[in-house]
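Please read the structure below before turning to the comments.
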Amino acid sequence: MTEFLLELRCEEIPARMQAGARASLEKLFRDHLAAAGLSVGDLTIWTTPRRLALIARGLPAATEAVSEEVKGPRTSAPEQALEGFLRKTGLTKDQLTERDGVWFAVSEKPGRATADVLAEAIPAIVRAFPWPKSQRWGAASLSTESLRWVRPLSAIVALLDGEVVDCEVGGIRAGRITRGHRFHAPGEIAIDGVDDYAAKLREAHVLVDHAEREAIVREQARAVANAAGLTLVEDEGLVVENAGLTEWPVPLLGRFDAEYLEVPPEVIQLTARTNQKYFICRDADGQLANAFVCTANIVPSDGGAEIVAGNRKVLAARLSDARFFWQQDRKVPLAEQAKKLARITFHEKLGTVVDKAERVATLARLLVEEGLVKESPLPHAGGAGGGPDEAPTQARPTPNPSREREGSLADQAELAARLCKADLVTEMVGEFPELQGLMGGYYARAEGLPDAVADAIRDHYKPVGQSDDVPTAPVTVAVALADKLDTLASFFVIDEKPTGSKDPFALRRAALAVIRIIQANGLRLHLFLEFGTASVSVGEQMCERAGDRPEGLMDALGRAPRDLLDFFADRLKVQQREAGVRHDLIDAVFALGKEDDLVRLLARVHALQAFIGTEDGANLLAGYKRAANILKKEGFSAADIIPPDGEEDPLVMVDDPAFEGIADQMAHSPTVLAYTPEPAEQALIEALAVASPRAEAAVGAEDFTGAMAALATLRAPIDSFFEAVTVNDADANKRANRLGLLDRFRAAVHKVADFGRIEG
């Protein structure tokens, strides 16, 4: 078995591309060697800013000889077919093999040395490498056929058991020479093989293992912060990025002027992280400290003082800009900023952002006035809870009771909705779009708006992702929900729905956010009605802007709520799958129609899943499917029941004491009995007469466990019915009434869910 080392050295590879480069190198290497008949075991792949390295151990010394055969025509085929096959294979007739009346061309391919395979594979891998962005360089770049790489490729090390693999790519011939750290060890280093590669580069101040560099950044950044009595704000993304920017990482602590702490802490963190790749720190009280941790790529002779001073100067310039934006934006009230939204088009068919804010304000007020969003019985400090990894923030202002009482809940919801997009035109959000909403909350609080309004503006985009906090404060819930319902209704009205993997307006994410808000707050919304209300609001604005009713608008308004409900059913299945809920059970409840209260629907689904998991549930499902199959096969409907001659009452029973007291309960049944039922038939009739109204009453009371318990009483009677009763009796009246009885059984089950949609 052999060992192989490949190093592709170039100018600095962007940190964001390094993880993808490792994955691409592994795939290309495995694919090319597999195509040549070489099996590849475990691979070690490393990246630094200046090199991409691969180590393969346990490669076979050569490929195995293989026998290939090509199937030809039958021996009885016309001579012309055989001649064509011979031309194709380059063989003569006596070189063919005949088997089962068919000609085969069999050829033996000898094994190849692994070194030869690698000599072909390396250039192919380099030329096929899928960098997100690449470039050509030098005189050769005049030709579009010249080599492309992420940055100019400098050298290739290719060693198989210590011997150079003879190959060349774009004028660069493979060898054993590499270079160490650009400043600490810029000279040439001769690599003997796999075993000394990492060690020799370590001596030259290059840590080739990216995971080792990440660990150093993570641990030493934490250590330098702790040494100063501070706590590092953990940021794994920054750890990876700093490791990708350095070959010999050295974290250093620096300070910036405390006067910049007047700027919101999220702005400082984003400035330090995005522009400078710095970590930030908390002080002993958990507040943002005027400290940062940068990562040098050298071992400084002065302990890092000069490096820190330079980084501090650059950060100060960034923070100065941020403070200027913060001060300037606060000079203009949000209400004035909001007027500028009239210059921003939300969508060419949906008007401006002001139009959207108007729709959201109307819908938010309605949600409160209709009692769908109510004042929380518990005090709350904000719109959404903070997670354990939340960025350090300055102490939140204590809610001002007098400001909280300013205006009703509906007034506050409407005000927050009208202002929630105003920060989009501020200088700060123009510089840092990631801060939209957050800065609006800061500006609202700074100008003295009620705390509930400021919180709603801050958090109305939430939840953005699966791990994001869900709003719970009433005003925030009303605005966040109204904003997302409006977005969904708007784009469905203009028929801009998600298709396949395309979702340019993030409607799937908006739907999941609505579902999470409803679940977290237990909101009893009828989604169909809310979709209709939101759609009508969109339609009214479209008519107002056009001065007339746009063609096809009424059809779109009628179609949008139904399409949205189907869309939500799909999103709910996706969301609940992660919670272990079966998608077919959601279908079974949705199929009943008129079930668009998600709280109620999910309660029913959970009860149904628990019931189906029991023996009674499984057997009842089997009985239901058997009944449904019989009814389908017979094409049965209630109108098929044959009433006895001379009777006008659709419910006629034989004079049998067993039926006394049941007639009233069966008054709406299509079943007609003009004969004495068999015991099993009678038992099912009696069971249905009791279970059906019990299940219906339990569903009405939202006691879905009770509804399942009522259905469970039908399990034994339906089993006995199928064992003892002949449904397709020769007597047409008996057959029709027994089919009707099965139809009643099916209808009773449908009071809870459409069992026909349940798998299994």
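Please work out the FRET efficiency for the pair D321 and L43, using the Cβ-Cβ distance as r and a Förster radius of 41 Å; give the result to the nearest 0.05. So, using R0 = 41 Å, E works out to roughly 0.35. Rounded to the nearest Hz, the phi-derived 3J(HN,Hα) couplings of segment 34-43 under the Karplus curve 6.51 cos²θ - 1.76 cosθ + 1.60 (θ = phi - 60°) are 5, 5, 8, x, 9, 7, 10, x, 6, 10, where x marks glycine and proline. Could you give the distance between the Cα centres of segment 730-744 and segment 453-510, to the whole Å? About 52 Å separates the Cα centre of segment 730-744 from the one of segment 453-510.
For a modelled paramagnetic label at E262, 7 Å from Cα along Cα-to-Cβ, the residues of segment 311-347 in reach, with backbone nitrogen under 19 Å, are 316-333. For G304, nonlocal amide neighbours, meaning residues 5 or more places apart or on other chains whose placed amide H falls under 5 Å from its own, do not occur. Taking other C-beta atoms within 10 Å as the exposure proxy, C281, C420, C543 rank C543, C281, C420 from fewest upward.
Working from label points 7 Å from Cα in the Cα-to-Cβ sense, the A446 to Q287 distance is 1.8 nm. Here the 3J(HN,Hα) profile of segment 306-319, calculated from phi with Karplus coefficients 6.51, -1.76 and 1.60 at θ = phi - 60°, is 5, 4, 4, 4, x, 5, 5, 5, 5, 5, 4, 5, 5, 5 Hz, Gly and Pro shown as x.
Stretching R99 away from E496 to a fully extended chain increases their span by 136.9 nm, per 0.36 nm per residue minus the current alpha-carbon distance.
Here are a few candidate values for semi-axes √(5λ) of the Cα gyration tensor in Å: (1) 62, 48, 24; (2) 142, 45, 35; (3) 40, 30, 25. Which one was actually calculated from the structure I just gave you? Step by step, semi-axes √(5λ) of the Cα gyration tensor in Å for this structure corresponds to label (1). Below 24 Å, Cα to Cα, which lysines can K27 reach? Residues fewer than 8 away in the same chain don't count. Cross-link targets: K133.
For segment 45-85, what are the per-bin percents of Cα-Cα distances with bins 10 Å wide, up to the bin holding the maximum? Percent of pairs per bin, in order: 19, 19, 15, 15, 15, 14, 3. Karplus-based coupling profile of segment 545-552, in residue order and whole Hz: 5, 7, x, 6, 8, x, 4, x, with θ = phi - 60° in 6.51 cos²θ - 1.76 cosθ + 1.60 and x standing for Gly or Pro.
Under 20 Å from the 7 Å Cα→Cβ point of K109, by amide nitrogen: which residues of segment 19-50? Backbone N within reach: 28-41. Per residue, the convex hull spanned by the alpha carbons of segment 335-580 comes to 143 Å³. The residue list L565, F590, I344 was ranked by how far each Cα lies along the charge dipole of the chain toward its positive end, using unit charges on Cβ atoms, and I344 comes out on top. Sorted from longest to shortest, the spans of the Cα atoms of segment 127-230 along the three principal axes equal 58, 33, 24 Å.
Relative contact order, percent, of segment 335-580 when contacts are C-alpha pairs under 8 Å separated by at least 6 residues? Walk me through the numbers on the way to the answer.
Values: 356 pairs, mean separation 51.5, N = 246.
Relative contact order comes out at 21 percent.
Computed from the C-beta positions of D555 and H526, the FRET efficiency with R₀ = 22 Å rounds to 0.50.
Need one number: the % of Cα-Cα pairs in segment 210-329 sitting beyond the 19 Å mark. Could the numbers behind the result be given before it?
Numbers: 3110 of 7140 pairs.
Tail fraction, whole percent: 44.
Near the amide H of A296, within less than 5 Å, lie the amide hydrogens of V250, L252, all on another chain or at least 5 residues away, with H placed in the peptide plane.
With only Lys, Arg, Asp and Glu charged, each at its Cβ (+1 for the first two, -1 for the last two), find how big the charge dipole of segment 335-580 is about the Cα centre; round to the nearest 20 debye. Write out the running numbers ahead of the final one.
Values: 30 positive and 38 negative charges, 70 e Å.
Magnitude of the dipole: close to 340 debye.
Straightening the chain between A36 and A61 buys 7.7 nm, computed as 0.36 nm per residue apart minus the Cα-Cα spacing. Measuring from centroid to centroid over Cα atoms, what is the spacing of segment 300-324 and segment 60-110 in Å? Cα centroid of segment 300-324 versus Cα centroid of segment 60-110: 74 Å apart.
Got the relative contact order for the chain handy, in percent, Cα pairs under 8 Å and 6 or more residues apart?
Details: 1229 pairs, mean separation 55.9, N = 760.
Relative contact order for the chain comes out at 7 percent.
Shape annotation for segment 174-271: C-alpha extents along the principal axes are 57, 22, 20 Å, from largest to smallest. Each Lys and Arg adds +1 at its Cβ and each Asp and Glu adds -1 at its Cβ; summed about the Cα centre, the chain shows a dipole of about 2560 debye. Annotation: amide H of V102 within the under-5 Å range of T75, sequence separation 5 or more or interchain, hydrogens built in the peptide plane. What you get for segment 167-233, charging only the Cβ of Lys and Arg (+1) and of Asp and Glu (-1), is a dipole of about 260 debye around the Cα centre.
Counting 0.36 nm for each residue step from A603 to E369 and taking away their Cα separation leaves a gain of 81.6 nm.
For a modelled paramagnetic label at Q135, 7 Å from Cα along Cα-to-Cβ, the residues of segment 4-22 in reach, with backbone nitrogen under 19 Å, are 8-18, 21.
In the chain, the DSSP-assigned H stretches of four residues or longer account for a calculated mean residue ellipticity at 222 nm of -15000 deg cm²/dmol, using -39500 (n - 2.57) per stretch and the full residue count as denominator. The aspartates and glutamates whose alpha-carbon is closer than 19 Å to the alpha-carbon of K71, local same-chain residues fewer than 8 away aside, are E79, E83, D94, E98, D100, E108.
Ranked highest first by the average count of other Cβ atoms within 10 Å around their residues, in what order do 530-538, 16-24 fall?
Numbers: 530-538: 22.3, 16-24: 16.1.
Descending packing order for the listed peptides: 530-538, 16-24.
Considering all projection directions equally, how large on average is the shadow of the alpha-carbon convex hull of segment 66-109, in square nanometres? Provide the component values of the computation, followed by the final result.
Working: hull surface 11.5 nm².
Average projection, Cα convex hull of segment 66-109: 2.9 nm².
Of all aspartates and glutamates in the structure, those lying under 17 Å Cα to Cα from K462, and not within fewer than 8 positions of it along the same chain, are E266, D389, E390, D423, E434, D483, D486. The label-point distance for A23 and Q276, in a model that sets each label 7 Å from Cα toward Cβ, rounds to 3.2 nm.
Every read-out reported here was derived from the displayed coordinates using simple, explicitly stated rules and does not represent laboratory data. These figures come from a predicted structure and were not determined experimentally. Backbone-built Cβ (ideal geometry, glycine too); neighbour counts: all protein chains shown.
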